[in-house]
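> Provided herewith is a single structure, encoded as structure tokens, for subsequent inquiry.
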Amino acid sequence: MSAIVDVILGIVTSIGGFIEVGSISTSAQAGAEFGFQLLWAIGVATVMLAVMIEMSGRLAAVSRHTIDAAVRERFGISFQWVPLAAELAIDTLLLAAELGGAAIAVKLLTGIGFLWWILPIGFLVWLVLVLCGFSVIEYGLGLLGLVTLSFVYAAYRLQPSTHDLVRSLVPTMPHHDIVRYMFLSVSILGATVSPYLLNFYSSGTVEEKLTEKELWVNSTTAYLGICFGGTVSMAVLVTSAMVLGPQHITVDSYDQAALMLVPVFHRWAIALFACSLGIGCFGASVEIALNAAYAFSQALGWTWGASKPRPDAARFSSVFTLVTIAGVCVALIGFDPLRLTMISLALTVVIMPVVVLPFLALMNDSRYVNKHTSGPIGNTFLAALTVLGAVLAIVVVPLEVFGG
Amino acid sequence: METRYSAAGAIALLTLTAALAGCGSPASQLDEIQKKIDGLTATTRAIGESWLRGDVSPTFAKTAFLQTLRLLDDQRTSLTESPQLLLDPRGAALSRRAEQLSRVLAALVDAARQRDDGAAREHLSRIRAGETSP
């Protein structure tokens, strides 16, 4: 009975926790500029994420190791520095983008400039990390995030053509702005398959003491939760395509994106958009700061755990404190949050092979996963997509940055 | 070793090609700016009409108009930074259009600040009448 409750809670919180600054901005831009044409990218990225999340949970449940701990043990600390440094750098950038997103959400409600909210939100993130255990962070924020289902309702009410939706799940090339299309595809991949999610999930599996016998809980939660979560992201794209696209509004700011809910929710639209953005970004900020502490502590063999009394894991607590401060400082520089998000996401894809390829090697090592090794087809597919995404990102990021 | 060099070379070549392509011709830059200004005109209209219908608050309308004004300013800067673009008749027309839209946006910010629906309606009608259209 307890396992079933765990599965239901896991699925519900995965749905609620799926949407954050990256998925909202990439889906909103993709919908406004290319209609439904980039739905396939969300589909592919969601399947990739579900497979990788299931694998990271499996590794943790069977080996009692998180990804970072296992990489350190298997490949040594001299190898570990590269993925660790890359992960920490991207975590800091993403944290700054999420804090910016949460601050913009408050700005949408109050009209007061977003930079004023960065510090209070950063402090609130730190407070949650200090005071709350893993379950409160995962379930509490995930349940609050269910407000993002308003996008699904909006998409349903707008009655998109099922035929067009299904057709968009097959990749096609656009008739205009091919580079922009590629950049958005890469950013959608980065927004969905964030490397921090993998280690965060495996750390959560260890924190919740999931065992090899409960692997079905892991797979059910991962596949159903992530796939339903992907539906929310698709709903953002569909809503944007049906509301902003026909008006020729391109999404260059969150104020523009917020307009997508107006035809369905009228006077509640801005509040719902702001709550979805704010809660999603706040939850992601907490998770990213926590993951940085997980990654660093596990790589260096320190005591770690969000459920441990803070004095027992003082170095772990210091890391999330320092990363939160770093994220706040980057956000306070005042970069345009939307642009910072898009560039961070594309860079996420660039570093993805460094994080994902060692993880795939672990999933074929029976010393870690016993008989539960991954099949060669799935591994090759994931490795190929990861490398392809990285090469594509290396090509289109300079274009987007220097080509404006 | 040779294979590694050729892979690295291919990536470097692709990046260079991409960066060079990113510079873009004046015509493509003007297309891009025109698309952005069209989008910002549509945004102004959508925010204004939502406010007049009571779907969004004057507070939101004011901050959204201000943000749109900032985005428009970026486009005007792109135009003024390149004399070559301004010499092009299409570039000059776009510059005038951006300036007109800026003035409408400034007036709308003021109307939202004073919660003056009547003034907002009048300023929006200038967009509808095509005063800021090419």
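The values are calculated or read from the model by the stated rules, or taken from the named source; none is laboratory data. Only a predicted model underlies this, so the values are computations on that prediction, with no experimental measurement involved. Note that each Cβ is placed from the backbone with ideal geometry, even for glycine, and that neighbours are counted across all protein chains shown.
> Would it be correct to say that residue A:36 is over 30 Å from residue A:207 (Cβ atoms), surrounded by fewer than 24 Cβ atoms within 10 Å (Cβ to Cβ) and touching a residue at least 12 places away in the same chain (Cβ under 8 Å)?
Numbers: over 30 Å from residue A:207 (Cβ atoms): yes; surrounded by fewer than 24 Cβ atoms within 10 Å (Cβ to Cβ): yes; touching a residue at least 12 places away in the same chain (Cβ under 8 Å): yes.
Answer is yes for this residue.
> Which one is nearest to residue B:106 (Cα to Cα), of the residues in the range B:37-74 that are over 16 Å from the mean Cα position of the chain (by Cα) and of a type in the set (Asp, Glu)?
Applying the filter and picking the extreme gives B:49.
> Now for a separate question. Look at residue B:108 and say whether it is closer than 21 Å to residue A:274 by Cα and either at pLDDT 95 or above or more than 14 Å from chain A (Cβ to nearest Cβ) (or both). Write out each step before concluding.
Working: closer than 21 Å to residue A:274 by Cα: no; either at pLDDT 95 or above or more than 14 Å from chain A (Cβ to nearest Cβ) (or both): yes.
Criteria not met by residue B:108.
Let's see how each residue does on (1) within 17 Å of residue A:236 (Cα to Cα); (2) in a helix (DSSP H, G or I); (3) among the basic types (Lys, Arg):
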{"site": "A:294", "(1), (2), (3)": "no, yes, no"}
{"site": "A:322", "(1), (2), (3)": "no, yes, no"}
{"site": "A:329", "(1), (2), (3)": "no, yes, no"}
{"site": "A:339", "(1), (2), (3)": "no, yes, yes"}
{"site": "A:342", "(1), (2), (3)": "yes, yes, no"}
{"site": "A:345", "(1), (2), (3)": "no, yes, no"}
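> Tell me, which residue of the range B:67-94 that is of a type outside the set (Asp, Glu) and within 9 Å of chain A (Cβ to nearest Cβ) is nearest to residue A:115 (Cα to Cα)? I'd like the intermediate steps shown before the answer.
Within the range B:67-94, the subset of a type outside the set (Asp, Glu) is B:67-72, B:75-80, B:82-87, B:89-94.
The next check asks that each one be within 9 Å of chain A (Cβ to nearest Cβ); those that pass are B:67-68, B:70-71, B:78.
Numbers: B:67: 14, B:68: 18, B:70: 16, B:71: 17, B:78: 25 Å.
Out of the qualifying residues, it is B:67.
> Show me the helices (runs of 4 or more DSSP H) entirely contained within the range A:9-95 in which 2 or more residues are more than 23 Å from residue A:339 (Cβ to Cβ).
Qualifying helices (runs of 4 or more DSSP H): A:39-63, A:67-75.
> Another question about this same structure. State all residues of the range A:169-209 that are assigned to a helix (DSSP H, G or I) and closer than 14 Å to residue A:356 by Cβ; if no residue qualifies, say none.
First, the residues of the range A:169-209 that are assigned to a helix (DSSP H, G or I): A:178-192, A:195-207.
Selection gives A:189, A:190, A:192, A:195, A:196, A:197, A:198, A:199, A:201, A:202.
> Say we look at the range B:61-112 and pick out the residues that are free of Cβ contacts under 8 Å to residues at least 12 places away in the same chain and over 23 Å from residue A:335 (Cβ atoms); which of these is surrounded by the fewest Cβ atoms within 10 Å (Cβ to Cβ)?
Top of the filtered list is B:89.
> Looking at the range B:47-60, which of its residues are farther than 16 Å from residue A:254 by Cβ and surrounded by 24 or more Cβ atoms within 10 Å (Cβ to Cβ)?
Passing the criteria: B:48, B:51.
> Only residues that are assigned to a helix (DSSP H, G or I), of a type in the set (Ser, Thr, Tyr) and over 19 Å from the mean Cα position of the chain (by Cα): list them for the range A:221-260, please.
Initially, the range A:221-260 is screened for residues assigned to a helix (DSSP H, G or I), giving A:221-243, A:245-247, A:254-260.
If we keep only those that are of a type in the set (Ser, Thr, Tyr) as well, we get A:221, A:223, A:231, A:233, A:239-240, A:254.
Scanning the range A:221-260 gives A:239, A:240.
Residue-by-condition table, conditions (1) within 14 Å of another protein chain (Cβ to nearest Cβ); (2) in a helix (DSSP H, G or I):
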residue	(1), (2)
A:357	no, yes
A:367	no, yes
A:373	no, no
A:383	no, yes
A:387	yes, yes
A:392	yes, yes
A:395	yes, yes
